[in-house]
Amino acid sequence: MHEVGLMKNTLAMALKRAAEEGAHRIHRLTMRIGPLSGVVPEALEFAFDVLTRGTIAEGATLEVEQVPIICYCSQCRGDFQPTDLFCECPRCRHVSGEVRGGRELELASLEVS
């Protein structure tokens, strides 16, 4: 379960940032996760609950914002959301090889006091 390692690193970044701000409590972390990131959000949430124990983030909320897959069609010259992992343009049926979104795994925001 690589989500434990990912959450450990994310929590370390959050704790460092909170310390830089002089915060005594982390209330909420928001992460943006795409389906192509290889991360299982439920496993990440479990890791968060375990790893925050005994830290200023204990009891904090982890919000996961799902980022959609976005592909680019070179024929239509536009972005689209595919209905599956095949990335076929819904307008012209051209198969796209350019994925512009959906791989995200980022700490988007941090709420502290």
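What number comes out for the charge environment of residue 68, summing +1 per Lys or Arg and -1 per Asp or Glu over other residues with Cβ under 14 Å away? Neighbour charge sum, excluding residue 68 itself: -1. The slack in the chain from residue 2 to residue 50, taken as 0.36 nm per residue of separation less the alpha-carbon distance, amounts to 15.9 nm. Along the stretch 84-97 the Karplus relation, 6.51 cos²θ - 1.76 cosθ + 1.60 evaluated at θ = phi - 60°, assigns HN-Hα couplings of 8, 7, 7, 6, 8, 5, x, 8, 10, 6, 6, 7, 8, x Hz to successive residues, with x for each Gly and Pro.
At a temperature of 10 °C and a viscosity of 1.306 mPa s, determine how fast the stretch 3-112 diffuses translationally according to Stokes-Einstein, using the Kirkwood radius over alpha-carbon pairs as Rh; express D in µm²/s, rounded to the nearest whole number.
D = 103 µm²/s.
Relative to the longest principal axis of the Cα atoms of the chain, the long axis of helix 41-51 makes an angle of roughly 10 degrees. Positive end of the dipole of the chain (Cβ unit charges, origin at the Cα centre): among 83, 50, 19, the Cα lying farthest that way belongs to 83. Under the simplified labelling scheme, the residue 30-residue 103 pair shows an inter-label distance of 2.4 nm, with each label point 7 Å from Cα along Cα→Cβ. When shorter helices are ignored and each DSSP H run of at least 4 residues is given -39500 (n - 2.57), the per-residue value for the chain at 222 nm works out to -8500 deg cm²/dmol. The angle between the Cα long axis of helix 3-20 and the main principal axis of the chain comes to about 60°, on a 0 to 90 degree scale. Applying 1/(1 + (r/R0)^6) with R0 = 41 Å to the Cβ-Cβ distance of residue 58 and residue 86 gives a FRET efficiency near 0.45. Summary value for the chain: 35 percent relative contact order, contacts being C-alpha pairs under 8 angstrom separated by 6+ residues. Net charge in the neighbourhood of residue 59 (other residues with Cβ under 15 Å of its Cβ; Lys, Arg +1, Asp, Glu -1) is -2.
Each reported figure results from applying straightforward, stated rules to the coordinates on display, with no laboratory input. Here the structure is a predicted model, which means the values were calculated and not measured. For neighbour counting, all protein chains shown are included, and Cβ atoms are generated from backbone atoms with ideal geometry for every residue, glycine included.
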